[in-house]
Each structure stands twice: as C-alpha cells, then as structure tokens.
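A quick write-up on the structure given underneath.
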Amino acid sequence: MHDVHEILALLEGGFGELKVLVVGDLMLDRYILGEVDRISPEAPVPVLRHAHRYDRPGGAANVAMNLAGLGCQTLLAGFWGDDTERRELEKFLVKAKVDTTGVVTTAQPTISKTRIVGRQQQLLRLDIESLQKPNAVDQQRLLAAVVELVDKVHAVVLSDYAKGVLSTELCSAVIRTARAKGVPVLADPKTPDLSKYSGATMVCPNLNELAAATGFAPHELDALLTGGEQQRREHELTYLCVTMSEKGIRVLSEAGVYHSAARAREVFDVSGAGDTVIATLAAGLAGGLKVESAIELANLAAGIVVGKVGTVPIAQHELIAALTPSSGVAMAEKILDREALAKRVAEWRASGETIVFTNGCFDLLHVGHVTLLEDCRKFGSKLVLGLNTDASVQRLKGTSRPVVGERERARVMAALAAVDAVVLFDEDTPLELIRALKPNVLVKGGDYSVATVVGHEDVIAAGGRVEIVPTVEGFSTSNIIRKLTETTDRG
C-alpha cells in the first residue's frame, strides 16, 4: 500500500482533527435471530424460535458510525421521527459522539429494517417507512441546516438510499456550496440518474447501480466501464469509483483508470460494506491522501467489515492491525516514540493481539540476538523491542560502546520480521517503559530467574507473565569486538 506512514499517522490521531458531514437517509437496522426446526401448522412458513435480537445504525447513520470509528469528528444530517426507533438510533450516535444537530425531526416514522434470521439465513425483512416525501417546510429546514454545516467541515458524504432526503435541490446546493469552499463531496447513489450529483468530487456506485445508470448489464464489464466514463464526463465528476465486490474497486478519472484488487478474506455479510468504503474514502480525501492511497485504504476496510455478521462499522484499531503485520511494514514505520507506541499498542490490544516485550542494547547484531527475538515472537502476536540509547549503553558498558549508534541500531532491528515495533529508552532499565506498555508477556534472554527480571512484578500484577529463554552459546557482541581487535593487532 502507498503512503503507509501518512495513513498510520491519520489513523493514530490525524483523523481526529477532521470534520466530515454525512447527509442522507438515516435508518435503524434490526436483527432478530433464532433457530428454525419446524414448519408452522397455520401456513407453509418456517417457525423461528427467538434467541436474541440487536439493533445497529443503518443507511447514512452507518456511514457516520464508520467515520466516527475512524476517529473523525462526524456531523450527521437527515430526517427521523419522534418514536422508539429514533431513540434507539440516537443512543448509538450519542455514544459514538456523532453530532446530530443537522437531523430534522418530522411527523413521519424513523426508517427501520428488521431482518429475521434463522441459522444464518435471512428469512424475512420487515421495513417501516413512509412512502410520502417530507413536507416542504421540513425540507427547507434541512436544506438550511446542511448549507450552514458545509462551511464547518473538511468533506461531505451524500448517502443516498432513495428514501427522500437527497432531493436534486439539496444535492445541488450542497455540491455548489462545497465546491466554492474547496470541500470534496462524495456520493453513494441509489438512483439511475446520476445528474443529481453533477459536479461532485466522487460518485461511488456498485456494479448494479452503474448498470442501472448506463443501461449495460453488470457482467458486461468493459461496456459498463466505458459507459461509466461517459457518465463521469457528462456530469462533471472528478472521479467515478466503481465497487465490484470480488473484482475489487475501479476508479475512472481524467488521468485514466486505477484498479485496486479485492482483499482476499472470508465473506460473512456484505451489509454496509458500501457505507464503509465511502466513509473511508471521505476520511482519506479530507486528510489529504492521494486518491490511490484512499482507495487502497477503503478496500482494506471493506475487506474487514465483510468478515463480520450484520451492519458493523470499521474501527481504527482494525486498520492499524491490518497495516502493521510484522512482515509487511517498512522499518521506518516500526520505529516509534513512546507516545506513538502507546497508541499503537492500545490499537493492537483492542484487536486482540498478544503484546510481547523484550529489551537490550543489540550492538553489532548477531545470531544470538536474532534467535532471541524469534523465540520472543513465539510467545505472542506483536513484539515490542525496547532499545537502549547510546547514553544508556555507555553507562552500562563503558565509553567505548556502543559500536553502532542508536539510530542505526533501531533501523537494523526494525528490519527484522520478528520485530513489530522499536522504541528507544534512555534510562538504565526499561522499567518505566514496561509500566507504560503493560505487555502480556515480558521476555528476557540469558541466566535470569523471573524474580531478577526488571518489571516482572508489574507485568504479573497486571495479569501477564514472564518468560526466560536461553542464549545461544558462543555468540556475543563482546566476542565479536575481541575477535576484531585480535585480527587488527595481528595485522
């Protein structure tokens, strides 16, 4: 993936500086789950024995939840009713700190979709909604609120579920206002007429939606994309982003075509994947990412959420964990200061990773060091290496050490596949670092007992454990220096 350093910086705090407005059709997704083991005697239909139920924000509200999950300051605008569904939906949004001052309360019901599921098979969906459009007064209230909010944000998402919120008048006003201020507007269409989004920065249809807009069948991919490019030019869209399920994402622009292959992952439920894509794209563009980088990040996020059941938004820690596997991260991304490391470890822990910590000087890397680190990695899924600074090494080993400076030692250690993060510490021991990180496993190599390992009490008190691994006989930095000295003397 391109720009990993910039993406991680956004995920680990940068998104928190950005405000994104979502305008669209709010709804509540409800799930009733149970077991089916007989047919009703009253009618030829299955009988569901209720097990449990849960609610989730849906539609534009799910887009907002995805943005909040990425860390963005999220504002939401649309319609809801004065009913139980609204109050349930509002609980989720308040908890996620989504600003709902742009949501207008109407006399119509809050849209809800209830899915009845037995043995992971959807049996029925019950929709509650009004087929009438909101009255003119409510539409004007929403329009005024949205235009005012556009002035406060870094990006706007139009989440269109064809339920009446996104009229042509509202879309035109938002796009016109945003373009005048240099704010990107992204639209997720549910209508075959893309003209209502004319002038938008990016429109993101799936294959079926693009087929409806162009008149070509979804399987006629070449013709479909050619038609898509015609639509992009006709409606003055900067980008047309086509989501194609297992075929990945295709982006059309004046610069040509960019393709992002699908991320291989087991698929459980595609509900809400489009919401995740457009939310991640909006956050990425608002954060200044290149379009290609934003697309790759959105593709990665979609691959994560389709592995969940139901409408579940993406979370920062899931993307950070996916972006920082030990074998796929450049060494510069692994070298962190204490504050950045604390955030990285917190995200890993939230994703269920087991954090292992070890420390040392690691001057003149040798096979004993490599073996120790490989042994450490076996005790968990993420290995953090505490590395003594030059000043610390000198106090411990004398003024002739280290042979290799701290910056170079850190880069060498970060290049090892077994190591997930490197942090320098200036103290004589890593005690404060251990207390701050609270690793699940503390590892030390050599002739130690658990009681003599610095930080053992803190780790054990926090529910962790201490492991001692043997060193490789005959290998040490001191031996290497001695051999080099002897060779020099003989020369």
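Laboratory data are not the source of any read-out in this text; all were calculated from the coordinates shown. Quick caveat: nothing in here was measured; it's all calculated off a predicted structure. When we count neighbours, we look across all protein chains shown, and the Cβ atoms used for this are built from the backbone with ideal geometry, even at glycine.
Quick check: net charge around THR105, other residues with Cβ under 12 Å of its Cβ, Lys/Arg +1 and Asp/Glu -1? Here the count lands on -1.
Once every DSSP H run of n ≥ 4 in the chain is given -39500 (n - 2.57) and the sum is divided by its residues, what mean residue ellipticity at 222 nm do you get, rounded to the nearest 500 deg cm²/dmol?
Working: 18 runs with 190 residues, N = 491.
Taken over the chain, the calculation gives -11500 deg cm²/dmol.
With the cut-off at 1.5 for a/c, could you classify segment 1-155 from its C-alpha gyration tensor as rounded, prolate or oblate? Oblate, since a/c reaches 1.5 and b/c is not below a/b. Label zone (LEU124, point 7 Å along Cα-to-C-beta; backbone nitrogen cut-off 16 Å) within segment 17-45: 30-45. Based on the reciprocal of the average 1/r between different C-alpha atoms, the Kirkwood radius for segment 422-461 equals 10.8 Å.
In the chain, the longest principal axis of the Cα atoms and the axis of helix 60-70 are about 10 degrees apart.
Over all orientations, segment 86-132 has a Cα convex hull whose mean projected area works out to 4.7 square nanometres.
Run through every distinct alpha carbon pair of segment 63-221 and return the Kirkwood hydrodynamic radius in angstroms, one decimal place.
Across segment 63-221, the inverse of the average 1/r is 17.2 Å.
Over all distinct Cα-Cα pairs of segment 149-190, the Kirkwood formula returns a hydrodynamic radius of 10.5 Å. Enumerate the aspartates and glutamates that LYS444 could reach by cross-link, defined here as Cα to Cα under 18 Å, with residues fewer than 8 away along the same chain left out. Straight-line reach from LYS444, under 18 Å: ASP363, GLU374, ASP375, ASP420, GLU427, ASP428, GLU432, GLU457, ASP458, GLU467, GLU473.
Annotation: lysines with alpha-carbon distance below 20 angstrom to LYS113 (same-chain offsets under eight excluded): LYS91, LYS133, LYS163, LYS190, LYS308. Across segment 352-483, the relative contact order, built from alpha-carbon pairs under 8 Å that are at least six residues apart, equals 29 percent. The simple spin-label model puts a point 7 Å past each Cα toward its Cβ; for VAL45 and ALA462 those points are separated by 5.4 nm.
Could you please tell me the mean projected area of the C-alpha convex hull for the chain, averaged over all directions and given in square nanometres to one decimal?
Working: hull surface 122.4 nm².
Directional mean of the projected Cα hull area for the chain stands at 30.6 nm².
Compared with the dominant principal axis of the Cα atoms in the chain, helix 221-234 is inclined by about 70°. Among the cysteines of the chain, those with no neighbouring cysteine Cβ under 4.7 Å are CYS72, CYS171, CYS361, CYS376.
Can you tell me the FRET efficiency between ALA217 and SER167 if r is taken as the Cβ-Cβ distance and R0 is 30 Å, rounded to the nearest 0.05? Present the calculation step by step, with values, prior to reporting the outcome.
Working: r = 29 Å, r/R0 = 0.98.
The calculated FRET efficiency here is 0.55.
How would you order 398-408, 152-162 from highest to lowest mean count of nearby Cβ atoms within 10 Å?
152-162, 398-408
Quick check: from the Cα gyration tensor, does segment 41-124 come out rounded (a/c under 1.5), prolate or oblate? It would help to have the intermediate numbers written out before the result.
Details: a/c = 3.17, a/b = 1.89, b/c = 1.68.
Here segment 41-124 falls in the prolate category.
What FRET efficiency comes out for LYS378 versus ALA261 if R0 is 30 angstrom and r is the Cβ-Cβ distance? Round to the nearest 0.05.
0.40
I'd like the orientation of helix 477-490 relative to the chain: the angle between its Cα long axis and the longest Cα principal axis, in ° from 0 to 90, rounded to 10. Tilt of helix 477-490: around 50 degrees. Both radii are taken from the alpha-carbon atoms of segment 145-257; with Rh as the Kirkwood radius, Rg/Rh is 0.97. Ordering of 141-150, 250-259, 16-25 by packing is 16-25, 141-150, 250-259, highest average first (other Cβ atoms within 10 Å, averaged per residue). Highest mean packing first, where packing is the average number of other Cβ atoms within 10 Å per residue, the peptides 54-62, 119-127, 169-177, 237-245 line up as 54-62, 237-245, 169-177, 119-127.
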